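Enquirer: So that we are looking at the same thing, I have put the structure below in structure tokens.
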């Protein structure tokens with residue numbers, strides 16, 4: 001496939017998108033679906049499954065599950081981690097190596113609670129140009145950029161703020177290796 005063919009496909013996509021705009025997902029819904037696709041890809045590469053609750057009424061968009069015992073010293077078999085997914089084109093790290101991100105007070109309180117299953121906030125960072133979100137070539141699929149995670153368990157209560165800001169360390173990139181590590185910690189009943 002030549003560069004002209006790819007350009008032609010992109011132009012046709014834009015034309016079709018403009019024609020069908022009223023029947024397509026909103027930008028927010030597309031971001032949400034891409035964040036779930038990212039989680040599915042990372043989990044699948046790690047050998048885990050992802051389930052999506054039919055109703056999200058407890059700040060849980062997805063559950064990552066493993067089968068069996070993950071480590072010799074695992075305390076529990078078949079660990080699970082509940083995930084609250086977010087996506088943003090504004091996820092930019094600051095000088096402190098964190099990404100400031102505002103979430104609803106409801107999400108904040110439900111993610112910091114002491115729950116049976118561990119919970120993580122996962123923020124999928126997208127490029128500003130939506131044409132760069134997903135790039136398809138005959139020999140590769142590129143989803144840009146990546147996701148970061150934060151465990152809010154035990155964070156302090158916040159009053160009089162509708163949308164608290166959390167700070168997600170950029171070292172907390174969600175990769176197959178980091179997800180494996182999180183699932184093993186979960187199986188050992190360790191804090192994430």
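The values are calculated or read from the model by the stated rules, or taken from the named source; none is laboratory data. Predicted model only: the values in this text are computed from it and were never measured. Glycine also receives a Cβ, built like all others from the backbone with ideal geometry; neighbour counts cover every protein chain displayed.
Enquirer: Under the condition of being under 29 Å from residue 70 (Cα atoms) and modelled with pLDDT of 95 or more, which residue from segment 154-169 is surrounded by the fewest Cβ atoms within 10 Å (Cβ to Cβ)?
Expert: If we take residues in segment 154-169 being under 29 Å from residue 70 (Cα atoms) and modelled with pLDDT of 95 or more, then 169 is surrounded by the fewest Cβ atoms within 10 Å (Cβ to Cβ).
Enquirer: Out of segment 83-110, which residues are in contact with a strand residue (DSSP E or B) (Cβ under 9 Å, 6 or more places away or on another chain) and loosely packed, with under 14 Cβ neighbours inside 10 Å?
Expert: Within segment 83-110, 90, 92, 94, 96, 97 qualify.
Enquirer: Report whether or not residue 42 is in contact with a helix residue (DSSP H, G or I) (Cβ under 6 Å, 6 or more places away or on another chain), crowded, with 17+ Cβ neighbours inside 10 Å and assigned to a helix (DSSP H, G or I).
Expert: Considered against the rule, which asks whether it is in contact with a helix residue (DSSP H, G or I) (Cβ under 6 Å, 6 or more places away or on another chain), crowded, with 17+ Cβ neighbours inside 10 Å and assigned to a helix (DSSP H, G or I), residue 42 comes out as yes.
Enquirer: Still on this model: Can you name the residue in segment 111-134 that is loosely packed, with under 14 Cβ neighbours inside 10 Å and in contact with a helix residue (DSSP H, G or I) (Cβ under 9 Å, 6 or more places away or on another chain) and, of all such residues, is nearest to residue 66 (Cα to Cα)?
Expert: 117
Enquirer: Report whether or not residue 69 is touching a helix residue (DSSP H, G or I) at 6+ places or on another chain (Cβ under 9 Å), touching a residue at least 40 places away in the same chain (Cβ under 8 Å) and not in a strand (DSSP E or B).
Expert: Judged against the criteria, residue 69 is a match.
Enquirer: OK, next. Does segment 141-171 hold any residues that are in contact with a strand residue (DSSP E or B) (Cβ under 8 Å, 6 or more places away or on another chain), farther than 23 Å from residue 106 by Cα and part of a loop (DSSP other than H, G, I, E, B), and which are they?
Expert: 144, 145, 170
Enquirer: Give me the pairs: first residue in segment 43-54 and without any contact (Cβ under 8 Å) to a residue 60 or more places away in the chain, second residue assigned to a strand (DSSP E or B) and surrounded by 14 or more Cβ atoms within 10 Å (Cβ to Cβ), beta-carbon distance under 6 Å, and six or more apart or on different chains, which are they?
Expert: Pairs that qualify, where the first residue is without any contact (Cβ under 8 Å) to a residue 60 or more places away in the chain and the partner is assigned to a strand (DSSP E or B) and surrounded by 14 or more Cβ atoms within 10 Å (Cβ to Cβ), are 49/65; 50/62; 50/64; 51/63; 52/62.
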